[in-house]
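The values are calculated or read from the model by the stated rules, or taken from the named source; none is laboratory data. Here the structure is a predicted model, which is why all the values come from computation and not from measurement. All Cβ positions, glycine included, derive from the backbone under ideal geometry; neighbour counts span all protein chains shown. Accessible surface areas use protein heavy atoms only, side chains included; no ligands, DNA or RNA. Shrake-Rupley method; radii C 1.70, N 1.55, O 1.52, S 1.80 Å.
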Amino acid sequence: MSYAYLFKYIIIGDTGVGKSCLLLQFTDKRFQPVHDLTIGVEFGARMITIDSKQIKLQIWDTAGQEAFRSITRSYYRGAAGALLVYDITRRETFNHLTTWLDDARQHSNSNMVIMLIGNKSDLESRREVKKEEGEAFAREHGLVFMETSAKTAANVEEAFINTAKEIYEKIQEGVFDINNEANGIKIGPQHSPTNPSLPGAGGVGGSQGSACC
Amino acid sequence: MEYFKSGLKSVLGGPPPGTQPTGPETVEKLVSRVSTSTLLEDRRDACRALRALSKKYRLEVGAQGMDVLRQVLELDRADPEIIGYCLDTLCNITSKEIFEEERENDVNPNLNVGEQFSEMFLKNPENLPVILSYLEEYDFRVRWPAIKFLISLTTCKPKEVQEIILVSPMGMSKLMDLLAENREVVRNDAVLLLIHLTKSNANIQKIVAFENAFDKLLNIISDEGYTDGGIVVEDCLLLMLNLLQNNTSNINFFKEGSYIQKLTPMFVLPENLEEIGWSPQKVSNFHCVLHLVRTLVSPNNPAQIITSCQKTLRNANLLEALCSILMASGVPADILTETINTVGEVIRGNLTNQEYFTNVLAPSNPPRPALVVLIMSMVNEKQPFALRCAVLYCFQCFLYKNEIGQELVVQTLLPSSSGNTAVTTGQLLCSGLFSNDPLSNWFSAVALSHCLIENPAQKEQLLRVLLATNLGAQPVTLLSQCGVFLQHTSKLQAKLGILMLISMWMAHCPPAVKIFLNVPGAMAFLTAQTSASEFDNNAELLQGMCAFIMGLCVLFNDNSVQNYSKENLSQLIEKRVGLETYCKKLNEIARHELYARAAKQPQIRAKHSSELLLEFEFCKLFKIMEGSIIQALGVQRDLSNGISELSLSEHENALLLQYKDLIRDQDKKLQECQRKYAFLQKQFEDVKAQKDELQQTNIQLIDQHTLFKAQMSSGANINNLENHQNDNSAEIIENLKAQLAKKDEELADKIAELESYQKDQDDLLELLTAQDTKLNKFKEKLRQIGALPKEEDSNSEISDNEDDNKPSLL
Ligand SMILES: Nc1nc2c(ncn2[C@@H]2O[C@H](COP(=O)(O)OP(=O)(O)OP(=O)(O)O)[C@@H](O)[C@H]2O)c(=O)[nH]1
Ligand SMILES: [Mg+2]
């Protein structure tokens, strides 16, 4: 139950791109075929392991509908990571990415890790946005990129875990002030909060070297 | 009008004009000084003076000063002192409270004046963000009054404030930062403000939780000494309650964030508690904590949430802590009661927790199971009513979805082999069942009935229970004794309790029906009650219940009692009671107010013992069985009808055509109705829109009216001699009043119109349903005589639905 770190995530993007499905696949390993429109924000959580450390992810799945935009903005500030999702079968969801990104950059803390996700990769026949386009957008804006399918679970674990890895590395580099809760990071109860440079900062390099998975 | 005149008289009544300015005159002068003076010092003094007058002359200060005060807030940002005066003044005029000073001024102060000024202030959407920005000002003279002003506004107009804060950037974040305040008064008022703001608004609740509210609040609570702390602990707990109640997402967050574990210290009772006793604040704090735990495992939450919270509560040793409070001495009765309820919900439907509870021992000599001790209190007339109810609820929770527990209790009633002499739950319930206290009868009957829910094995086991009645007489079965007691007791509560037990017992259990049918006089009693016609003191419940039992005797009859076969009983109901009367009596139950109340939630909620007649699980059973009973009685009639139809089968073709025509006809009518319905709905929407518009106008008029009233009061003062102007204002007001009255009338007309449309719509809907039913019946009949093929495209919708629901006959 106890964890070394706790990271707060938000999931953002147009309505219907599959944000809630991604979360459900990640927390419950289920897929929900009907669009159950999110009202406001819903919470989900899961434990993962990085570098043999337990990390608790607290994830806020936001509503993509315009009407909820002002509510969902309240969640940017306290998040350490964001999954910015578009739907590869609907170009307009890709076109809206800049708006989302501007919004996120404006309201979040500058260190927030943003992972760009092209979802519904299982629907290859209906693809409207090429994978290369997603990659290009990510490169241009300094984001990590990945195509996923909430339906087949392809890359879903990776999307959440890689985001956590980024955050974890930033912590190691000392970029994040982990004692400031507004950054969306908490240290686990058994870890000393007075030691921000962290247990085994040297060991990280070693484990990175041996990380094969 | 009167209000102002009398108000003015008291102000003007004293010295002749000219010697001393009146209050309203002063207000007028001050307001003008604030708005025109170029010297900050002057403005500041005027604001300070306005603040001093803002209670006594609230109406004048509000009506004349609001705009000016708002200006100061924007222009004099740099001077904390004047901002503080401004915020204080605004806080006073928008307060919901009626001040002493106001009362001195006027015996009949306007109750809504605070609300009206709040509304005026909020009407301009730019105003609130200005106040929010002052929360970032660290200066005590600014931050504190800003919070208090926000409390005033939120108390008066919660919805409006919530909406504005949600759309103002970082609005909630600014509020949340206040919890980190090191000046206690400020922090405590921030907690109060958040309590008001989070009331019934899930979006705000979630944002507050996201902003680490639970961490911050639990920190405050622990700093203040947990439940030994002062009222701020209670406030923090109330805020946490607001965040969790009916908010699954937040409950999930609370659990996942390991906050349940952090509640543990609150349940630790000090060793010497008996000596130091429970302060009233401690009692309040404790109530809140218990309420908090119950919110996590409330039966209204999704099952998955309940189960995981229950598990966490057990693993965090909170169940253990709760049970020890249950068995501790010196705990006040209302805390004990609430603890019992809480334990109940923590174990409800959770086998592991229920099992844990079974093994809890009371520290008596010799140690007895806690369960036994609790049941002792339940059947003890001297215990407080609420506590006895709580014990029953806890017991029900213990049995809920717990076959092992059910068996355990029933076992203690069976002829025992062990020769154990210790008092058992079963024995206590049995003696409670037939004691002289009708409430004990009711409690015990309901408790026993819960041992039988969805448990056919225990229904049969309980049939084996024998009671020794008189010395030397043959022992009788528990069920027959219930049948006998039912006829002997004169208390309605006792009768209904027993009847609920019997109904739970006999449902799906023919052997129980058999025994009951053999109880001398039982059937005669039921028949007499069912056909009785008195209607007072809830007698209709008794009659309905007897009808219900008769129905169960038909439904679950294995024809093993000669005079009371299925057929015989149906005849009895039809001939002696009459099907119509029978159905009417049966209906009485579900129509009863107490039924609605009992069916709402599993917990037994009653202020007084006389309200305890029906119970949750019984209501569930009744709902399921009612239809089957009516069907069982009706179906038999239909069968005989069906036979006669079949004998007409030579005319099959003619009949078929006839029905087909009929169906086509009805289909047409149905479409017509649907068209009309859509039309009316549209009209209804239009009228509604009109109504809303009118209401809006009305509100505006009322506002104008208030403003005029206030302006006039001051106007009248200054121009005391110029009466004509006064008259002028009076005229305007009269005019406005007339307009208002007219609008009111218009509104009333529109509402009436709306209602009539609504009624039309309902009628149409009813008609539609009736037609639907008819149509189905016809089709069913057609199908029975085999004339109607399964697929029919002519009236697709209805037939499709039906085919989906019923297994096909073909
Ligand atoms: N084929 C396929 N369908 C998906 C996938 N992910 C989501 N969907 C479908 O897309 C629809 C929308 O998914 P949601 O997760 O509810 O969308 P959302 O982004 O949460 O939408 P909002 O809550 O309105 O913001 C649903 O019908 C899903 O079944 C996917 O990976 N593959
Ligand atoms: Mg969603």
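What FRET efficiency comes out for the pair B:LYS777/B:LYS584, r = Cβ-Cβ distance, R0 = 30 Å, nearest 0.05? Plugging the Cβ-Cβ distance into 1/(1 + (r/R0)^6) gives 0.85. Take B:TRP144: with every protein chain present and a 1.4 Å probe, its accessible area is about 60 Å². Counting only protein heavy atoms and a 1.4 Å probe, chain A has 43 square angstrom of accessible area per residue. What pairs in B:LYS669/B:LYS779; A:LYS165/B:LYS262; B:LYS56/B:LYS96; A:LYS170/B:LYS216 have C-alpha atoms more than 18 Å from each other? The pairs that break the limit, which is 18 Å between Cα atoms, are A:LYS165/B:LYS262; A:LYS170/B:LYS216. Would you mind pulling out the separation of the Cα centroids of the range B:306-344 and the range B:663-692, in Å? Each part's Cα centre sits 55 Å from the other's.
For the pair the range B:524-567 and the range B:429-464, the centres of their Cα atoms are 20 angstrom apart. In chain B, the longest principal axis of the Cα atoms and the axis of helix B:539-555 are about 40 degrees apart. Annotation for the B:A interface, with buried accessible surface near 2000 Å², both sides summed [1.4 Å probe; non-protein components not counted]. Once all protein chains are placed together, B:HIS705 keeps about 30 Å² accessible to a 1.4 angstrom probe.
Extension gain for B:ASP334 to B:GLN562 (0.36 nm times residue separation, less C-alpha to C-alpha distance): 76.7 nm. Modelled spin labels at B:SER222 and A:THR49, positioned 7 Å past Cα toward Cβ, are 2.8 nm from each other.
The HN-Hα couplings worked out from phi for the range B:591-605 by the Karplus form 6.51 cos²θ - 1.76 cosθ + 1.60 (θ = phi - 60°) are 7, 6, 4, 5, 5, 4, 5, 5, 6, 5, 8, x, 5, 7, 10 Hz, whole numbers, x standing for Gly and Pro.
Net length available on complete extension from B:SER279 to B:LYS96 is 62.8 nm, with 0.36 nm assigned per residue and the Cα-Cα distance removed. A straight Cα-to-Cα reach below 16 Å connects A:LYS131 with the lysines A:LYS120, residues fewer than 8 places away in its own chain not being considered. For the range B:616-628, putting each phi into the Karplus relation 6.51 cos²θ - 1.76 cosθ + 1.60 with θ = phi - 60° gives couplings of 3, 5, 4, 4, 4, 4, 4, 4, 6, 7, 3, x, 4 Hz, in residue order, rounded to whole numbers and with x for Gly and Pro.
Each of A:LEU123, A:ALA164, A:ILE178 was scored by the projection of its Cα onto the charge dipole of the range A:101-198, and the greatest displacement toward the positive side belongs to A:LEU123; charges sit on the C-beta of Lys, Arg, Asp and Glu. Among the protein heavy atoms of the protein assembly as shown, carbon and sulfur supply 51% of the accessible surface, probe 1.4 Å, non-protein parts ignored.
For B:ILE276, the shell of other residues with beta-carbons less than 11 Å away shows a net charge of -3, using +1 for Lys and Arg and -1 for Asp and Glu. Short-range pairs are left out: with C-alpha atoms under 8 Å and at least six residues apart, the relative contact order of chain A is 26 percent.
Only lysines eight or more places from B:LYS742 in sequence, or on another chain, were considered; those with a Cα closer than 17 Å are B:LYS691, B:LYS750. Let me check I've understood the local charge: for B:GLN695, count other residues with C-beta under 10 angstrom from its C-beta, Lys and Arg +1, Asp and Glu -1. What total comes out? Cβ neighbours under 10 Å give a net charge of +1. For B:MET327 and A:VAL34, the FRET efficiency from 1/(1 + (r/R0)^6), where r spans their Cβ atoms and R0 equals 51 Å, is about 0.55.
The long axis of helix B:385-399 is offset from the longest Cα principal axis of chain B by roughly 60 degrees.
If R₀ is 30 angstrom, what is the calculated FRET efficiency for the pair B:PHE385 and B:LEU111, using the beta carbon separation as r and rounding to 0.05? According to the calculation, E is roughly 0.25.
In the structure shown, do any of A:LYS8/B:LYS282; A:LYS151/B:LYS401; B:LYS29/B:LYS737; B:LYS159/B:LYS620; B:LYS682/B:LYS777; B:LYS199/B:LYS600 have a Cα-Cα gap over 27 Å, and if so which? Table pairs above 27 Å Cα-Cα are A:LYS8/B:LYS282; A:LYS151/B:LYS401; B:LYS29/B:LYS737; B:LYS159/B:LYS620; B:LYS682/B:LYS777.
Toward the positive end of the charge dipole of the range B:474-612, with +1 on the Cβ of Lys and Arg and -1 on the Cβ of Asp and Glu, the farthest Cα among B:ASN568, B:LEU612, B:LEU479 is that of B:LEU612.
Burial annotation for the range B:135-180: residues with an accessible-area loss of at least 30 Å² between the isolated chain and the complete set of protein chains, computed on heavy atoms with a 1.4 Å probe, are B:LEU166, B:MET170. Taking GluC sites (Glu not before Pro) in DSSP loop states with no more than 14 other Cβ atoms inside 10 Å as exposed sites, chain B has its longest site-free stretch at B:535-721.
Considering only alpha-carbon pairs that sit under 8 angstrom and 6 or more positions apart, the relative contact order computed for the range B:434-669 is 17 percent.
Just tell me which lysines come within less than 21 Å, Cα to Cα, of B:LYS491; anything on the same chain fewer than 8 places away is out. By straight Cα distance, B:LYS491 reaches B:LYS382, B:LYS585, B:LYS607. Distance between the modelled labels on B:ASP42 and B:VAL167, one decimal in nanometres: 3.9 nm (7 Å Cα→Cβ projection). Evaluated with a Cβ-only charge set (Lys, Arg +1; Asp, Glu -1), chain B carries a dipole of roughly 2020 debye about its Cα centre, given to the nearest 20. Comparing B:ASN350, B:GLN458, B:THR530 along the charge dipole axis of the protein assembly as shown, the residue lying farthest to the positive side is B:GLN458, per the Cβ-charge model. Extension gain, B:LEU765 to B:THR352, is 143.8 nm, computed as 0.36 nm per intervening residue step minus the present C-alpha separation. Relative to the longest principal axis of the Cα atoms of chain B, helix B:58-75 runs at roughly 70 degrees. Taken along the Cα-to-beta-carbon direction at a fixed 7 Å, the label points for B:LEU467 and B:ALA678 span 6.4 nm.
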